[in-house]
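Trainee: Here you go, one structure.
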Amino acid sequence: MNDNDAIQHLQQSDQYRVIERLNPPERYWQGEPKTARLGIVIDTETTGLDTAKDKIIELGFIAFEYDAGSGLIYRILHTYDGFEDPHEPLADIVKQITGISDAMVAGQKLDDDAINHWLEKADLIIAHNARFDRQVLERRLPIAQHANWACSFNDIAWQDEDISSLKLDYIAYKLGFFFDGHRAVNDAQATLHVLSKALPNSGKLAMAALLAGAREKTQRLFAVRAPFEKKDDLKARDYRWLADFSHNGKKGVWSKSINEADIEAEQQWLSDTIYSGKKAQFISKEITPKDRYSVREFAI
């Protein structure tokens, strides 16, 4: 029995689900896009999780051609993977998760010119958890500040597709494939492969859903001087505490990103529930893909 026969046999029994190992193709869709755009899916491995100080130890990206209207992915244009020496010993947990050793990064340096060449050309940069990758990348390669960014973690409504975990390996499993994760280029390839798939409930192409999410107009609300006793209400409404935020001498603020269509209702909720009829001190800021997921999104 060959592999195809075995897969068909297992699936017919309705007792098994067969998923395949990711073998990245050179092209996803034949022909030429009507409205060609250049995208980059990027991933970083770092010395830790602090975007303000931890260093990149591996960077991988896939540059690809896609259609801006349909979201169809066409040619793979370039693949890059490189190490960088952080000039400090790697933590044991980093070695364990990534499989990267001190010896692998020793004396290594990212090819700034090669990376910047593609970052400068990109119409859109995508990461799975762009809030992390964008901030660490912009510290290392400032040219990334000028790009439009999207996030395959946040810009697709995965819960509406009955995908309960947003971890990349789980999304891949739900979409029928697996890969060797926690290495930069592997994660980038897996993210792109996810974007090439149809979503399980809506049937919409994942890349098209991501583009639609990234294009939505949003504002970030800052609930300045919100009463301490209202913190549970803010948490329950998915506000996030920004400890490093400072405004007019006040340290820390509750903040949330809101679709533009919902901003008036959200401001009314803040006035009624958080400030309880007192003078509301919230601030709103329009967010575009140029600043979304960067540190600039959280500054006023």
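Rule-based calculations on the coordinates, nothing more; no lab input. This is a predicted model, so every value here is computed, not measured. Here the Cβ positions follow ideal geometry from the backbone for every residue, glycine too, while neighbour counts run over all protein chains shown.
Trainee: Which Cα, out of THR218, SER284, LEU119, lies furthest along the positive dipole direction of the chain (beta carbon charges, K/R +1, D/E -1)?
Mentor: Farthest towards the positive end: SER284.
Trainee: Counting other Cβ atoms within 10 Å of each Cβ, which GluC sites (Glu not before Pro) in the stretch 20-52 have at most 11 and sit in a DSSP loop?
Mentor: Passing both the DSSP loop test and the Cβ count: GLU26.
Trainee: Restricting the count to DSSP beta bridges whose residues both fall in the stretch 153-291, what percent are antiparallel, rounded to a multiple of 5?
Mentor: 100
Trainee: Can you quote the Å³ per residue value for the convex hull of the Cα atoms in the stretch 1-135, rounded to an integer?
Mentor: Roughly 190 Å³ of hull volume per residue.
Trainee: Let me ask something additional. Using only Cα atoms, locate the centre of the stretch 49-112 and the centre of the stretch 275-292, then give the distance between them in Å, rounded to an integer.
Mentor: 34
Trainee: In whole Å, what are the Cα extents of the stretch 118-268 along the three principal axes, biggest one first?
Mentor: 48, 37, 27
Trainee: For the stretch 1-37 and the stretch 133-210, compute the distance between their C-alpha centroids and round to whole Å.
Mentor: About 19 Å separates the Cα centre of the stretch 1-37 from the one of the stretch 133-210.
Trainee: Another one. Loop only by DSSP, 11 or fewer other Cβ within 10 Å of the Cβ. Give me the trypsin sites (Lys or Arg not before Pro) in the stretch 80-136 that pass, ordered by residue number.
Mentor: Of the trypsin sites (Lys or Arg not before Pro), the ones in loops of the stretch 80-136 whose Cβ has at most 11 other Cβ atoms within 10 Å are LYS109.
Trainee: Give or take rounding to whole Å, what are the principal axis extents of the alpha carbon atoms in the stretch 26-87, in descending order?
Mentor: Projected onto its principal axes, the Cα set of the stretch 26-87 covers 46, 20, 12 Å.
Trainee: Something else about it: Provide the three semi-axes, in whole Å and in decreasing order, of the ellipsoid equivalent to the stretch 218-298 as defined by the square roots of 5 times the Cα gyration tensor eigenvalues.
Mentor: With the √(5λ) rule applied to the stretch 218-298, the semi-axes are 19, 16, 11 Å.
Trainee: For the chain, what proportion of DSSP beta bridges, expressed in % and rounded to the nearest 5, is antiparallel?
Mentor: Among the beta bridges of the chain, antiparallel pairing accounts for roughly 85 percent.
Trainee: Also, I was wondering about something else. Could you check what % of the DSSP bridge pairs in the stretch 1-148 are antiparallel, to the nearest 5?
Mentor: Close to 85 percent.
Trainee: For the chain, place one equal point scatterer on every Cα, skip the solvent, and apply the Debye formula. What is log10 of I(q)/I(0) at q = 0.08, 0.15 Å⁻¹?
Mentor: Reported log10 I(q)/I(0), two decimals: -0.42, -1.24.
Trainee: So, one more: Need one number: convex hull volume per residue for the stretch 42-121, Cα atoms only, in Å³.
Mentor: 127
Trainee: For a paramagnetic label modelled at 7 Å from the Cα of ASP232 toward its Cβ, which residues of the stretch 274-300 fall within the zone defined by backbone nitrogen distances under 20 Å?
Mentor: Taking a point 7 Å out along Cα→Cβ of ASP232, the residues of the stretch 274-300 whose backbone N falls under 20 Å are 274-277.
Trainee: At a Förster radius of 35 Å, what calculated FRET efficiency corresponds to the Cβ-Cβ distance of HIS87 and GLU120, to the nearest 0.05?
Mentor: So, using R0 = 35 Å, E works out to roughly 0.80.
Trainee: So for the stretch 159-206, considering every pair of alpha-carbon atoms, how many percent are separated by more than 15 Å?
Mentor: 39
Trainee: Then there is this: Rank the residues THR47, THR288 as a footprinting-exposure proxy: fewest other Cβ atoms within 10 Å of their Cβ go first.
Mentor: Lowest to highest Cβ neighbour count: THR288, THR47.
Trainee: State to the nearest 20 debye the size of the charge dipole of the stretch 107-200 about its Cα centre, where the only charges are +1 on K and R beta carbons and -1 on D and E beta carbons.
Mentor: Around 180 debye, computed over the stretch 107-200.
Trainee: Please sort by residue number the trypsin sites (Lys or Arg not before Pro) in the stretch 214-300 whose DSSP state is loop and whose Cβ has at most 13 other Cβ atoms within 10 Å.
Mentor: Filter output for the stretch 214-300: LYS217, LYS278, LYS279, LYS290.
Trainee: Here's another thing I want to ask about it. Roughly what angle does helix 206-215 make with the longest principal axis of the chain, taking Cα atoms, 0 to 90 degrees, to the nearest 10?
Mentor: In the chain, helix 206-215 runs at an angle near 20 degrees to the longest axis.
Trainee: Say each of GLU286 and LYS95 gets a label point 7 Å from the Cα, pointing the same way as Cα to Cβ; how far apart are those two points in nm?
Mentor: 5.1
Trainee: Something else now. Expressed as a rounded percentage, what relative contact order does the chain have, with Cα pairs under 8 Å and six or more residues apart?
Mentor: Reported relative contact order: 17 percent.
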